[in-house]
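Reviewing the structure listed below.
The values are calculated or read from the model by the stated rules, or taken from the named source; none is laboratory data. A quick note: this is a predicted structure, and the numbers were derived from the prediction, not measured. Cβ placement follows ideal geometry from the backbone for every residue including glycine, while neighbour counts extend to all protein chains displayed.
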Amino acid sequence: MAHPRSSPRPPRRAPTGIALLLVVVVLSALLSVSLGIFAVVFGEAKISGEMTDSFRAIFAADQGMERMLYCDRAVPPANCDNLGQPAGCLGQPGQCTYPGPNPTDTVQLPAFPSGACVYVRLFRNASGDTGAFSTGEYACGVAERSVRRALRALYQQ
């Protein structure tokens, strides 16, 4: 005879696969976190490379600006022929624009060993104001990877 307090055992249930579902959910969460970390690290590495390119471009722009200002302020224009300036612009009073009157006209200085190049422009108006613009570019001629930085100086003769 059965004990009055004991109840009959419930029948065994068939396995439902809850463990498999739990493993899939945990692995999905781990995969999501891993992909998120990878995206952040990869983005930071890309930004780091662009920072290096940006430094090269700004240093090229600085060198172009220094050469342009030196030729304008310190030496006669005939001694700056390596920049290709006409003698009638640098160091001359009055209205002048080098290399031309169009604001988009620039002169490209020779490429640097790092692969950077620089574009320079100078203008002078009748009131004596002078402006020098220098745009440094790294990875010259590579449109999809090119980084440009520019400097501008305005002064009076």
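So the values come out like this:
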quantity: Among the candidates Ala111, Ala116, residue that is surrounded by 14 or more Cβ atoms within 10 Å (Cβ to Cβ), of a type in the set (Gly, Ala, Ser) and at pLDDT below 70; calculated: Ala111
quantity: So Glu50, is it more than 30 Å from Tyr155 (Cα to Cα) and in contact (Cβ under 8 Å) with a residue 12 or more places away in the chain; calculated: yes
quantity: Subset of the range 46-57 (residues that are surrounded by fewer than 17 Cβ atoms within 10 Å (Cβ to Cβ) and at pLDDT 85 or above); calculated: Ser54, Phe55
quantity: Subset of the range 122-157 [basic (Lys, Arg) and modelled with pLDDT of 80 or more]; calculated: Arg148, Arg149, Arg152
quantity: Of the criteria (1) modelled with pLDDT of 75 or more; (2) under 30 Å from Glu50 (Cβ atoms), which one Leu83 fails; calculated: (1)
quantity: Subset of the range 31-59 that is among the aromatic types (Phe, Trp, Tyr) and farther than 23 Å from Phe133 by Cβ - its residue that is farthest from the chain's Cα centre (by Cα); calculated: Phe38
